[in-house]
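Undergrad: My structure is below; once you've seen it, I'll send some questions.
The values are calculated or read from the model by the stated rules, or taken from the named source; none is laboratory data. None of the values given here were measured: they were computed from a predicted structure. A quick note on method: Cβ atoms are made from the backbone with ideal geometry, for glycine too, and the neighbour counts reach across all protein chains shown. Note: areas computed on protein heavy atoms with side chains; ligands, DNA, RNA excluded. Shrake-Rupley method; radii C 1.70, N 1.55, O 1.52, S 1.80 Å.
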Amino acid sequence: MVVDAAKTDVARSHLSDLVRFLREFHRLRNPVVRDISGYPEGFALWLDQIPNHPAIDKGWLNPEADFIFRVSRPRMRSCPPPPPELEEWLVDGWDNPATPPGVHDSIVSPSQIEGDGDVVVQFNDDLARPQAFSAWSTERDVWAEVERPARQAQAVFERLYRLYGRLDAERERIDLQVGDGMLNWQSKEGLNNHPLLLQAIEL
């Protein structure tokens with residue numbers, strides 16, 4: 001059997017080109033994520049940012065636990081309703097425990113005298129309003145102190161619930177992993193900011 005060296009070299013060159021093409025094609029279809037922020041939204045959850053709340057059981061703090069953490073839907077309570085005399089004065093968001101309540105300094109109100117135009121009413125024109133706001137704010141602060149971590153726990157629950165649905169729908173394409181040991185290094189390929197140790201987990 002006679003082997004044509006020239007044809008063999010051509011075949012090897014074509015094969016090398018094909019391998020390079022397939023490698024680059026794979027890189028385009030499945031780019032290497034060097035920065036953890038490059039993952040799809042919702043797929044990076046830092047354990048040290050998970051709130052403290054009874055609805056969240058942090059298994060990583062217990063050496064005997066067989067789970068990383070568990071989340072149940074927390075019980076949430078509505079904001080104490082403001083007194084009627086404050087309803088039109090409160091700034092939107094007064095029922096959000098993450099922000100302090102505020103009032104408008106003044107509002108425009110229709111005149112009580114027929115034929116007169118609108119009048120500007122100051123919040124402090126009636127001393128009963130600041131007093132009512134102070135009393136209600138004190139009650140609201142007690143509620144907000146308890147409610148803030150509950151809302152944060154609810155946000156984690158909802159985020160994981162959405163992630164569960166996506167993992168179920170795209171199980172052949174994506175998986176869930178827990179990482180440790182962050183590498184932060186600027187290389188010629190760009191910034192590397194990614195865990196070094198990865199372990200596949202289930203949700």
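Undergrad: Please pick out the residue among Pro74, Pro82, Pro51, Pro63 that is over 21 Å from Val156 (Cβ atoms) and either aliphatic (A, V, I, L, M) or open to solvent by less than 80 Å² (accessible area, probe 1.4 Å) (or both).
TA: Pro82
Undergrad: How about segment 167-193: which of its residues are of a type in the set (Val, Ile, Thr) and either assigned to a helix (DSSP H, G or I) or modelled with pLDDT of 85 or more (or both)? Talk me through it step by step, then tell me what you get.
TA: Quick first cut of segment 167-193, residues of a type in the set (Val, Ile, Thr) only: 174, 178.
Correct list: Val178 only.
The rows are residues; the columns are (1) in contact (Cβ under 8 Å) with a residue 24 or more places away in the chain; (2) surrounded by 15 or more Cβ atoms within 10 Å (Cβ to Cβ); (3) in a helix (DSSP H, G or I); (4) touching an Asp or Glu at 6+ places or on another chain (Cβ under 9 Å).
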position	(1), (2), (3), (4)
Gln131	no, no, yes, no
Ser137	yes, yes, yes, no
Val146	yes, no, yes, no
Ala150	yes, yes, yes, no
Ala153	yes, yes, yes, no
Glu158	no, no, yes, no
Tyr161	no, no, yes, no
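Undergrad: Among Gln199, Gln177, which is open to solvent by 60 Å² or more (accessible area, probe 1.4 Å), within 17 Å of Tyr39 (Cα to Cα) and in contact with a Leu (Cβ under 6 Å, 6 or more places away or on another chain)? Talk me through it step by step, then tell me what you get.
TA: Values: Gln199 fails: in contact with a Leu (Cβ under 6 Å, 6 or more places away or on another chain).
Matching residue, one of Gln199, Gln177: Gln177.
Undergrad: Another question about this same structure. Just one of (1) touching a Ser or Thr at 6+ places or on another chain (Cβ under 6 Å); (2) surrounded by fewer than 12 Cβ atoms within 10 Å (Cβ to Cβ) trips up Val121, so point out which.
TA: For Val121, the exception is condition (2).
Undergrad: Of all residues being touching a helix residue (DSSP H, G or I) at 6+ places or on another chain (Cβ under 8 Å) and at pLDDT 65 or above in segment 32-44, which is least open to solvent (accessible area, probe 1.4 Å)? Just the residue, please. Steps first, answer last, please.
TA: Of segment 32-44, the ones touching a helix residue (DSSP H, G or I) at 6+ places or on another chain (Cβ under 8 Å) are 42-44.
If we keep only those that are at pLDDT 65 or above as well, we get 43-44.
Numbers: Phe43: 48, Ala44: 32 Å².
The residue in question is Ala44.
Undergrad: Filter segment 182-196 down to residues that are open to solvent by less than 40 Å² (accessible area, probe 1.4 Å) and over 22 Å from the mean Cα position of the chain (by Cα), then give me how many there are.
TA: We begin by selecting, within segment 182-196, every residue open to solvent by less than 40 Å² (accessible area, probe 1.4 Å); these are 187, 190, 192-195.
Remaining after also requiring over 22 Å from the mean Cα position of the chain (by Cα): 187, 190, 192.
Result for segment 182-196: 3.
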